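Okay, here's the structure, questions in a sec.
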């Protein structure tokens, strides 16, 4: 399995001050991390499906 797909999802950062600019920055960063993890998951599922189809042939 490719290393980028085998790595775990990134951790969220901690909210330190609660200021609006910090909250917005963390929300955007967390959204980016969530999308990257989702795409990685989808890639793993597709890789597994391809492997299963090849095994059945």
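FYI, it's all coordinate maths here, none of it is from the lab. None of these values were measured; they are calculated from a predicted model. With ideal geometry, Cβ positions are generated from the backbone for all residues, glycine too; neighbour counts draw on all protein chains shown.
Being surrounded by 10 or more Cβ atoms within 10 Å (Cβ to Cβ), more than 13 Å from the chain's Cα centre (by Cα), touching a residue at least 24 places away in the same chain (Cβ under 8 Å) and part of a helix (DSSP H, G or I) narrows it down to one of 47, 5, so name that one. Talk me through it step by step, then tell me what you get.
Working: 5 fails: more than 13 Å from the chain's Cα centre (by Cα).
After ruling out the rest, the residue left standing is 47.
So which residues in the range 8-33 are farther than 30 Å from residue 50 by Cα and assigned to a loop (DSSP other than H, G, I, E, B), if there are any at all?
12, 13, 14, 15, 16, 17, 18, 19
Would you pick out the residues in the range 16-33 that are without any contact (Cβ under 8 Å) to a residue 24 or more places away in the chain and surrounded by 11 or more Cβ atoms within 10 Å (Cβ to Cβ)?
If we filter the range 16-33 for residues that are without any contact (Cβ under 8 Å) to a residue 24 or more places away in the chain, which is where we start, we get 16-32.
If the condition is that a residue be without any contact (Cβ under 8 Å) to a residue 24 or more places away in the chain and surrounded by 11 or more Cβ atoms within 10 Å (Cβ to Cβ), then 22, 23, 25, 26, 27, 29, 30, 32 are the ones that fit.
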